1. Which GluC sites (Glu not before Pro) does region 144-199 hold that lie in a coil by DSSP with at most 10 other beta carbons within 10 Å?
2. Just the ratio, please: alpha-carbon radius of gyration of region 8-289 over 2.2 N^0.38 Å, N its number of residues.
3. Can you put SER155, SER233, SER49 in order, fewest other beta carbons within 10 Å first?
4. Can you give the extra length, in nm with one decimal, that the chain gains between LEU167 and VAL3 once fully stretched, where that is 0.36 nm per residue apart less the Cα-Cα distance?
5. In percent, how large is the relative contact order of region 10-105, given Cα pairs closer than 8 Å and 6 or more residues apart?
6. Sticking with the crude label model, points 7 Å out along Cα→Cβ, report the distance from ASP271 to ALA28 in nm, one decimal please.
7. Would you tally the net charge around LEU176, using a Cβ to Cβ cut-off of less than 13 Å, leaving LEU176 out, and scoring K and R as +1, D and E as -1?
8. Lysine pairs in the chain with alpha-carbon atoms under 30 Å apart, 8 or more places apart or on different chains: how many are there?
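The numbers here are math on the coordinates, done by the rules we state, and not lab data. Just so it is clear, the model here is predicted, and its values are computed rather than measured. Virtual Cβ from ideal backbone geometry, glycine too; neighbours counted across all protein chains shown.
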Amino acid sequence: MSVARSMRITEVGPRDGLQNEPLSISTAAKIAFINALSKANFAEIEVTSFVRADRITQLADAAQVMAGITRAAGTVYSVLVPNERGLDGAMAAGAQKISVFVSASESFSQRNVNASIQECLDKLRPVVSRARAAKLAVRGYVSCVVKCPYDGAVSVEQVRQVCARLLEMGVTDLDLGDTIGAAVPDDMDRLLAGLESVAAPTDLTLHLHNTSGRAIAVAERAIALGVASFDSSAGGLGGCPFAPGSPGNVATEDVLELAARLGIETGVRADQVRAATDQLRQAMTIARAS
Ligand code: MG
């Protein structure tokens, strides 16, 4: 396996980052943050989530945010949707791509969304099929691909089965989440080998958390094994509120530094990412004080 010369980065800070911060910033501040990120030339920005406002109050303004941002020509603007109602919102807002999510761990699924993996997949089927009929790309997030906060180690076979089901229903990108940041580099060898029958490493995206300080080491191993697409969050914003002890999406700045060290092209402007992060920190300071 030869190492890729380019890497695709999806900036998930506006959605996965802000969703997991305890305090809400204003709609205007979110729009300004996303507009600043849009200057960094990301392949994709996950903007927000069309979830029930009472479940994730931080993202209750999804439609206003989507309407307010200025989109860059080369960037795909995606949104997370949990169900058909969310898909309606996403389509009305002109999202180019949606993300759906399911867990590879039964306990995490029950605790996170109060439904079994099978129930989640059944609920997603019409969402994915309608999205594909509308020519939207669909990312399928699979959480807990290495460890679950409740069940411990998750078998690669479990992950493979969930991935196979998502692909069958029409998901266009598989995105594997190390939800509690428990992975070590060697986990990538067994995970990627175990998924070969459903997807090559070059067709997978990794969503790493830096909870244990190993996200970059894990990413470097994954790159050596052929992975060329990563999610990251400007400034390492956000974690996961439903997974105890899981702060910290891997920081976009750190992924960019890794890519630069390995001589891999990302197309992303690090200076603009830093500017966006600084801007967001200011907005959070203001929100905290008010
Ligand atoms: Mg995350």
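1. Sites meeting the loop and neighbour criteria: GLU196.
2. Its radius of gyration relative to the 2.2 N^0.38 Å reference: 0.92.
3. So the ranking, lowest neighbour count to highest, is SER155, SER49, SER233.
4. Numbers: separation 164, 0.36 × 164 = 59.04 nm, distance 2.50 nm.
Answer, rounded to one decimal: 56.5 nm.
5. Rounded, it is 28 percent for region 10-105.
6. With each label placed 7 Å out from Cα toward Cβ, I get 2.8 nm.
7. -2
8. 11
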